[in-house]
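Trainee: The structure is given below, and queries will be raised subsequently.
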Amino acid sequence: MAAGKGTRLKSKHPKVLHEIGGKPILAHVIATARKVVPAKDIFVIIGHEADRVREAVGGFGVNFVAQSEQRGTGHALMVARNALAGYDHVVVLSGDAPLITADTIKKLSDFHSVQKATMTLLSADLDNPFGYGRVIRKGGTYSKRPEVLAIVEEKSATPQQKKIREINSGFYAFNSPALYEHIDQLSTANAHGEYYLTDMARVFHRARRKVVAIKTEDAGEVLGSNTRAEMMDLDARLRLAKCRELLDAGVTIFYPHTCVIDSDVEVGADTVIEPFVQLLGNTKIGSDCRIRSYSVIGNSILGDGVTVKPGTIMEGSRVANAAILGPYTHLRPGTEVGEGAHLGNFVETKKIRIGKGSKAGHLTYLGDAEIGENVNIGAGTITCNYDGVNKHRTTIEDGVFVGSDSTLVAPVKIGRGAYVAAASCITDDVPPDALAFGRARQTVKAGWARAKREQQKKQS
Ligand code: UD1
Ligand code: CA
């Protein structure tokens, strides 16, 4: 179920597309469902901003069911009637509870089968059950018997019922034909004026069909995200769990609470991550690296033994083994850094390849360039890649030495082993092993300054 608006978030974006752990909430739920059944057996009920939701998770290959008017969780299942016609056994997942595990979904499903129940709900004991539906068990609260009489929503609960800490997680298994035989008995006579799927418990109980609950051991995994505060709590839980997983895999993370590491990030053993680092998207980092504070690395691949000094920003880049980056290097998409290469302070790159052992230590812009091995790029070098209309390429072959403050006006090529004199503006290709000057020759006027000062003294 993913059709709701998420009114309590006060957001213009649909709730299920808000991100936790760097991924839409719904993407977490679908990815977990995919571990249990193939995509062709997954039906995502969408409604609010349906096109955006469909686009965001379309890549999973799941089916979609449109609930164009969102009249409650019961109504969500009503509109899925035709889609689910061929199934006997249906598991319902809440699109806003992303921490659920495949193991728990399987347990819910298996328990439902073993109990031969018509409806099985997954429950949990929460210290603070506020906002959740409460489970009314046959035989009283905390009865060991699995049978359930009803679920009461927060708004309809009596003070006594509000004290019940066993909550309905919003995950269920149903006998599908029975669900559709009885679902029309739901009504909207409640606080929200909606069809509550939770009321199926009472409906089935009245029809003498079996309704049972199975309780999760880890209550944390059923938590929903109705408010921003709940979402941030889930995000923190997920990221901390991610850090624990990396720690277990041999990664050192100092002050993990300060790091933002997305769910799909991979890091090799003996890599050290300092405080306040962000590793985002599909980033993969090798082993024996050191990622120093305040670096933000998105969708990039780093080899082994890479040093990333503080404040380095990287997106869509590849960095080979033993390279050294930063402090304050900015690698924009399409950057490929060769083995042992070094990019230093305030060096910005975009769509470049820089070869093994090459260096650009300071204050440089390198864009749309192919740079060979063992090249030295002096401080302040700029590739002038843009003429106001088109982008042009710069080629710098192996072993070139580019003096400081040079401007290389693309398209231009500096041949293997050539030198570019400092402060040159290079507009023409430089042949291999040559020295290119692109600046006016220095003139010296002996005594000029002294003469000027004496003249000024006379005037005053
Ligand atoms: C629901 C349960 C509550 C349970 C809680 C667990 C009901 C009436 N209440 O409350 O007992 O404790 O989940 O998190 O079911 N949705 C639709 N179509 C709709 C309405 C909702 O697809 O018309 C989707 C939402 O997008 C969401 C999910 O169903 O992903 C749950 O809806 P939500 O409004 O968050 O229900 P809760 O108030 O949290
Ligand atoms: Ca919810």
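Trainee: Percent antiparallel among DSSP beta bridges with both residues in region 322-455, to the nearest 5? The partial results should precede the final answer.
Mentor: On the way: 1 of 38 bridges.
Of all bridge pairs located within region 322-455, approximately 5 percent are antiparallel.
Trainee: Taking the Cα centre of region 301-445 as the origin and placing charges on Cβ (Lys, Arg +1; Asp, Glu -1), which of Ala320, Val347, Ile414 is farthest toward the positive end of the dipole?
Mentor: Positive-end residue among those listed: Val347.
Trainee: Where a Cα-Cα gap under 18 Å defines reach, which aspartates and glutamates qualify for Lys309, not counting those fewer than 8 residues away within the same chain?
Mentor: Once the sequence-local aspartates and glutamates are set aside, what remains near Lys309 is Asp270, Glu274, Asp288, Glu336, Glu339, Glu348.
Trainee: Rounded to the nearest 20 Debye, what is the dipole magnitude of region 100-166 about its Cα centre when Lys and Arg each give +1 and Asp and Glu each give -1 at the C-beta? Intermediate results must be reported in sequence, preceding the final value.
Mentor: Numbers: 12 positive and 8 negative charges, 51 e Å.
In debye, rounded to 20, region 100-166 gives about 240.
Trainee: Using the alpha-carbon centroid of each, what span in Å lies between region 241-307 and region 387-450?
Mentor: So the two Cα centres are separated by 39 Å.
Trainee: Give me a comma-separated list of calculated 3J(HN,Hα) values for region 273-290, in order, Karplus coefficients 6.51, -1.76, 1.60 applied at θ = phi - 60°, integers in Hz, x for any Gly or Pro.
Mentor: For region 273-290, the Karplus curve yields 10, 7, x, 6, 9, 10, 10, 10, x, 9, 5, 10, 10, x, 9, 6, 8, 10 Hz.
Trainee: For Glu336, enumerate residues with amide H under 5 Å from its amide H, sequence gap 5+ or separate chain, H modeled in the peptide plane.
Mentor: Under 5 Å from the amide H of Glu336 lie the amide H atoms of Arg318, Ile352, Arg353, Ile354, each far enough along the sequence or on another chain.
Trainee: With a cut-off of 8 Å between alpha carbons and a minimum separation of six or more residues, what is the relative contact order of region 13-171 in percent?
Mentor: So the answer I get is 20 percent.
Trainee: Counting only other residues whose beta carbon sits under 11 Å from that of Ala66, what net charge do I get with K and R as +1, D and E as -1? Don't skip to the answer; put the middle values down first.
Mentor: Values: positive: Arg54; negative: Asp51, Glu69.
Net local charge, Ala66 excluded: -1.
Trainee: Could you work out the relative contact order of the chain, using alpha carbon pairs under 8 angstrom and six or more residues apart, expressed as a whole percent? Don't skip to the end; give the middle numbers.
Mentor: On the way: 1158 pairs, mean separation 35.7, N = 460.
Result for the chain is 8 percent.
Trainee: When the helices in the chain are scored as -39500 (n - 2.57) per DSSP H run of 4 or longer and the sum is shared across all residues, what 222 nm value do you end up with, to the nearest 500 deg cm²/dmol? Working shown, then result.
Mentor: Details: 9 runs with 90 residues, N = 460.
The per-residue figure over the chain is -5500 deg cm²/dmol.
Trainee: Another question, if that's okay. Nothing charged except the Cβ atoms of Lys and Arg (+1) and of Asp and Glu (-1): what's the magnitude of the dipole of region 335-460 about its Cα centre? Round to the nearest 20 debye. Please list the in-between numbers first.
Mentor: Values: 17 positive and 14 negative charges, 212 e Å.
Rounded to the nearest 20 debye, it is 1020 debye.
Trainee: In which sequence would Val92, Val308 go, from the one with the fewest C-beta neighbours within 10 Å to the one with the most?
Mentor: Working: Val92 23, Val308 28.
Going from sparsest to densest Cβ surroundings: Val92, Val308.
Trainee: Pick out, in residue order, every one of the trypsin sites (Lys or Arg not before Pro) in region 81-154 that is DSSP loop and has at most 16 other C-beta atoms within 10 Å; say none if there are none.
Mentor: Numbers: sites: Arg81, Lys106, Lys107, Lys116, Arg134, Arg137, Lys138, Lys144; in loops: Arg81, Lys116, Lys138, Lys144.
Filter output for region 81-154: Arg81, Lys116, Lys138, Lys144.
Trainee: What shape does region 147-204 take by its C-alpha gyration tensor, where a ≥ b ≥ c are the square roots of the eigenvalues and a/c under 1.5 counts as rounded, a/b above b/c as prolate, and the rest as oblate? Intermediate values should be presented prior to the final figure.
Mentor: Values: a/c = 2.36, a/b = 1.44, b/c = 1.64.
The shape class here is oblate.
Trainee: How large is ³J(HN,Hα), in whole Hz, for each residue of region 338-350 in order, when computed from phi with the Karplus curve 6.51 cos²θ - 1.76 cosθ + 1.60 and θ = phi - 60°, using x for Gly and Pro?
Mentor: Result, rounded to whole Hz: x, 4, x, 6, 9, 10, x, 4, 6, 9, 10, 10, 8.
Trainee: Taking amide H positions as placed in the peptide plane 1.01 Å from N, state which residues far from Ala150 in sequence (5 or more) or on other chains have amide H under 5 Å from it.
Mentor: Ile136
Trainee: Provide Ser300, Ser358 in ascending order of the number of other Cβ atoms located within 10 Å of each residue's Cβ, fewest first.
Mentor: On the way: Ser300 23, Ser358 26.
Fewest-to-most Cβ neighbours within 10 Å comes out as Ser300, Ser358.
Trainee: Let me ask something else about it. Rounded, prolate or oblate: pick one for region 1-108, where a ≥ b ≥ c are the square roots of the eigenvalues of its C-alpha gyration tensor, a/c under 1.5 means rounded, and failing that, prolate if a/b is larger than b/c, else oblate.
Mentor: On the way: a/c = 1.59, a/b = 1.15, b/c = 1.38.
Note, shape of region 1-108 comes out oblate.
Trainee: Sticking with this one: Using 7 Å Cα-to-Cβ label points, what is the Lys163/Asn128 separation (nm, one decimal)?
Mentor: 2.1
Trainee: Treat the count of other C-beta atoms within 10 Å as a stand-in for reagent exposure and order Met200, Met232, Met78 from fewest to most.
Mentor: Met232, Met78, Met200
Trainee: Extending each Cα 7 Å along its Cβ direction at Ser460 and Glu69, get the distance between those two points in nm, one decimal.
Mentor: Taking the two extended label points, one gets 8.8 nm.
Trainee: Still on this structure, please answer the following. Under 17 Å from a point 7 Å along the Cα-to-Cβ line of Arg416: which residues of region 338-380 have their amide N that close?
Mentor: Output list for this probe position: 355-358, 370-376.
Trainee: Could you name the lysines whose alpha carbon sits less than 30 Å from that of Lys458, not counting residues in the same chain fewer than 8 places away?
Mentor: Straight-distance partners of Lys458: Lys445.
Trainee: Of the options Ala269, Phe43, Thr381, report the single residue whose Cα projects farthest towards the positive end of the charge dipole of the chain (beta-carbon charges: Lys, Arg +1; Asp, Glu -1).
Mentor: Towards the positive end, the residue furthest out is Thr381.
Trainee: Could you tell me which residue out of Gly95, Val222, Thr141 lies farthest along the dipole of the chain toward its positive end? Charges go on the beta carbon: Lys and Arg +1, Asp and Glu -1, centred on the Cα centre.
Mentor: Of the listed residues, the answer is Thr141.
Trainee: A further question on this structure: Which value, in debye to the nearest 20, describes the size of the charge dipole of the chain about its Cα centre when Lys and Arg Cβ atoms bear +1, Asp and Glu Cβ atoms bear -1, and nothing else is charged?
Mentor: Working: 59 positive and 50 negative charges, 249 e Å.
Dipole of the chain, to the nearest 20 debye: 1200 debye.
Trainee: For an R0 of 45 angstrom, estimate the FRET efficiency from the Cβ-Cβ distance between His192 and Asn345 and round to the nearest 0.05. Present the calculation step by step, with values, prior to reporting the outcome.
Mentor: Numbers: r = 57 Å, r/R0 = 1.28.
Between His192 and Asn345 the formula returns 0.20.
Trainee: With the cut-off at 1.5 for a/c, could you classify the chain from its C-alpha gyration tensor as rounded, prolate or oblate?
Mentor: On the way: a/c = 3.04, a/b = 2.97, b/c = 1.02.
Because a/c hits 1.5 or more and a/b exceeds b/c, the chain counts as prolate.
Trainee: Another question, if that's okay. Kindly flag which residue pairs out of Lys12/Lys116; Lys15/Lys215; Lys155/Lys215 have an alpha-carbon separation exceeding 31 Å in this structure.
Mentor: Correct reply: Lys12/Lys116.
Every number here is computed from the coordinates shown, using simple stated rules; none is lab data. Given the structure is predicted, the values throughout are model-derived calculations rather than measurements. Cβ atoms come from the backbone with ideal geometry, glycine included; neighbour counts cover every protein chain shown.
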